[in-house]
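A.B. asks: Before I ask anything, let me first share the structure, which is written out below as structure tokens.
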Amino acid sequence: MSFLNLKNPDPETLKNRRQLLLTAGGGLMLGISYPPVPMFFLAFIAFIPFFMSLEKRNGAGALGRLTYAFTFFWCLVSLYWVGSWTPEADVFLMISGVALALFLPFLYIIPSLLYLAASKIISKRAALFFFPLFWVTFEYALTLTDLKFPWLILGNTQAYFRWFIQPADIIGAYGLSVLILYINIFLYLAFFDEGAIKKRKKLFGALAIIFFVIPLVYGGIQTTFSFIIKASRVNTGLIQPDLNPWNKWETGNLESQLDMYLDLSMKAKGEGAELVIWPETALPVYLLGGNYDRYVGKIRSFVDSTKLKILTGMPDVIYHKKGDDIPDDAKPIKNSDMVYQSYNSILLFEPGGYNIQRYKKMMLVPFGEKVPFVETIPLLGDIIKWNVGISSWNTGRDTVNFDVNVKRKIIGHDSSFSAAGVICIESIYPDFVASFVDRGANVIVVVTNDSWYGYSSGPFQHKEIAVMRAVENRRWVLRAANGGVSCFIDHTGRTIKETNLFERDVLTGSFPILTEKTFYTRNPLLVPGISLVISLWFLAALLIKWFKNKFLKDD
């Protein structure tokens, strides 16, 4: 209770407060190390105040307060934008933003508790060296369950530091998190560990340099002498319509919206595009649901006459009637014996064919696109709804790639490539995106709509996370965003072209058809898998120790 004594705190309480303030400062540093602030280097020292206090705390409560102080300010600075806070913002979006800032830091106490468990088996100092693995275990855990949100993977802080991120083609963003944490630990032990002898300080200083320099050497080689591309290239246009995401769901403007997309696509055609990409939910209707045949016919006529391929984000629906084999997640239609499944999807329109390839989004935004655990507690679906009516998508089941045929003018015959169609938040899941490439994708296409969040850090962070996916898989990323940032990112993470936010624009360029798979693409769960095994080992060892002390000790 002395911690709460504000008038006459004892020396120990004052010391604890100073530690909390220092740790909170570290959290602020970590928060501003994420894009769009170009201060990525702060991530290499931000954990030092946390580690300075970590080894001085013993109980779970004290450790929890310390961790919350660190992660709250980190999350607040880097994720403030989630609530949107624009004039049109939906109240549930604002609530989810506040909830995320308040409750996500509680979850980050888990790595600290794993550290505490390890310190009961081995010494605190030895446990510190396992902390990066505990942290990555938790980072991966954030990709699981309906509440998944791995936005803040530490490796993402380095998206602007192109040389340092190149080893991601071996170890992925999770491996970069491990490197960043070990550099923090070694710098802490080299400069701030009061009890360490001089020789050990020099050793840890040298280790910090080694862990920093080796990625840079590898990165310098990859970016300077990166594999020379001799593959066929595909001319592509990215369409950025810059529609107000809140207003476009209103009825009555579908015709003008479609005409605008076709006009922009024709402009891309004039600049040499063979393929055009429209953003997420380009039109606010279930285009293939049976009520919009005229608009579907208009798109088909356009692609047939121009020979363009259109890859577009689009709402999609599947209806089932009584007597069908009805899926478990189908939803009823009022005053009807029919049910339906609705999806946030990508569709591919190609000239001369009526077979439309589809991909149904698998990773849905918690609360924004799907109410967490609504299958278990259906009442939640009636309580939590966006005003724009998109909080109840069904979940796709398969990582489908799009097979696209293109006429190779140089070679003189038809060729083809496979495109991974990734929708919005799906691009933040490292192993998920790698699964598309492992199944043969030659390019990663991201369709998104980040305009919900206004001119904030969110759209810029989302774009830079796509840089990590490009490096991990050595694939170009083509990103078509409703209001930006639309861009071409090459296989080394270099942004070749990009648009400004909130401008209607057409971006054209070409990408190579790459085929070689990286070590990471083939083994995306290696680092989190090793981390998880070690974390579980410490938990099992602690449980065995407790069992022995409780039941097997001598009388």
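The values are calculated or read from the model by the stated rules, or taken from the named source; none is laboratory data. This one's a predicted model, so the numbers in the text were calculated from it and none came from an experiment. Only protein heavy atoms, including side chains, enter the accessible area calculation; ligands, DNA and RNA are left aside. Shrake-Rupley method; radii C 1.70, N 1.55, O 1.52, S 1.80 Å.
A.B. asks: Can you sort Thr515, Thr306 by 1.4 Å-probe accessible area, starting with the largest? Mind dumping the intermediate values first?
C.D. replies: On the way: Thr515 105, Thr306 15 Å².
Ranking Thr515, Thr306 by accessible area, largest first, yields Thr515, Thr306.
A.B. asks: Same structure, new question: Over region 449-551, what relative contact order in percent results from Cα pairs under 8 Å that are six or more residues apart? Present the calculation step by step, with values, prior to reporting the outcome.
C.D. replies: Details: 114 pairs, mean separation 19.6, N = 103.
About 19 percent, as a whole number.
A.B. asks: Return one whole number: the accessible area per residue of region 58-168 in Å², for a 1.4 Å probe. Walk me through the intermediate numbers first.
C.D. replies: Working: 3880 Å² over 111 residues.
Accessible area per residue: 35 Å².
A.B. asks: Please calculate how many Å² of accessible area region 467-555 carries per residue, with a 1.4 Å probe and no DNA, RNA or ligand atoms counted.
C.D. replies: Values: 4290 Å² over 89 residues.
With the other protein chains kept in place, region 467-555 gives 48 Å² per residue.
A.B. asks: Students sometimes get this wrong: rank Val285, Val471 by accessible area, probe 1.4 Å, all chains present, largest first.
C.D. replies: Numbers: Val285 20, Val471 0 Å².
Descending order: Val285, Val471.
A.B. asks: Taking square-rooted eigenvalues a ≥ b ≥ c of the alpha carbon gyration tensor, is region 482-536 rounded, prolate or oblate, where a/c under 1.5 means rounded and, failing that, a/b exceeding b/c means prolate?
C.D. replies: Since a/c reaches 1.5 but b/c is at least a/b, the shape of region 482-536 is classed as oblate.
A.B. asks: Which whole-number percent gives the relative contact order of the chain, counting Cα pairs below 8 Å spaced six or more residues apart? Let's see the in-between values first.
C.D. replies: Values: 1062 pairs, mean separation 91.2, N = 555.
Reported relative contact order: 16 percent.
A.B. asks: Using a 1.4 Å probe on the protein chains only, how many percent of the accessible area of the chain belongs to carbon and sulfur? Display every interim value, and only then the final one.
C.D. replies: Values: 15060 of 24190 Å².
So the carbon and sulfur contribution to the accessible surface is 62 percent.
A.B. asks: Could I ask something else about it? Please report, to one decimal in angstroms, the Kirkwood hydrodynamic radius of the chain built from all distinct Cα-Cα pairs. Kindly include the intermediate steps, with their values, before the conclusion.
C.D. replies: Details: mean 1/r = 0.0395 Å⁻¹.
Across the chain, the inverse of the average 1/r is 25.3 Å.
A.B. asks: Please list Ser232, Ser123 in order of solvent-accessible area, largest first, computed with a 1.4 Å probe with all protein chains present.
C.D. replies: Working: Ser232 35, Ser123 65 Å².
Highest to lowest solvent-accessible surface, that is Ser123, Ser232.
A.B. asks: Please figure out what share of the DSSP beta bridges in the chain is antiparallel and state it in percent, rounded to the nearest 5.
C.D. replies: Of the beta bridges lying entirely in the chain, close to 70 percent run antiparallel.
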